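The structure appears right after this line, and notes come after that.
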Amino acid sequence: QVQLVESGGGLVQPGGSLRLSCAASGSISRINAMGWYRQAPGKQRELVATSTNGGNTYYADSVKGRFTISRDNAKKTVYLQMNSLKPEDTAVYYCAAAAAPTLWRNSVDYWGQGTQVTVSS
């Protein structure tokens, strides 16, 4: 089993920055892909960014150029640096992990508990 614990959410003004962290523990040798989903009120959960053991990354079009995913394999932690935040980035952000080299919905094996990000003036 793998446990994922997120931190770093909060309230930020439009144009501001936040960094989310997700620390993995347990049977972490099983993990290949790690990354982030988000879910805004009344909307479906959407894949935001992915990082794989092979060094591949994926970003949703809505965050390209603003968000950066990185990974510290020694610390078994994945980060999401979010810059130039917009009100439409407001959502609960969920860390996700998979044994597969992808985080598309049916591939996710483990979920974090979620952390709230609110972008508002």
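Just so it is clear, none of the values below were taken in a lab; they were calculated from the coordinates. None of these values were measured; they are calculated from a predicted model. Don't worry about glycine lacking a Cβ; one is built from the backbone with ideal geometry, like all the others, and counts go over all protein chains shown.
Summary of values
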| read-out | value |
| --- | --- |
| Net lengthening on full extension, Arg30/Asn83 (0.36 nm per residue, minus Cα-Cα) | 16.0 nm |
| Size of electric dipole in the chain: Cβ of Lys, Arg +1 and of Asp, Glu -1, about Cα centre, debye, nearest 20 | 80 |
| Segment 1-118: relative contact order in percent, alpha carbon pairs under 8 Å with at least 6 residues between | 35 |
| Whole-Å semi-axes of the ellipsoid equivalent to segment 46-100 (Cα gyration tensor, √5λ, descending) | 20, 11, 11 |
| Exposed trypsin sites (Lys or Arg not before Pro) absent - longest run of the chain, DSSP non-H/G/I/E/B, at most 13 other C-beta within 10 Å | 76-121 |
| Computed label-point distance, nm, for sites Gln3 and Ala40 using a 7 Å Cα→Cβ extension | 3.3 |
| Values of log10 I(q)/I(0), in the order q = 0.21, 0.25 Å⁻¹, for segment 1-83 under a Debye, Cα-only, solvent-free model | -1.07, -1.38 |
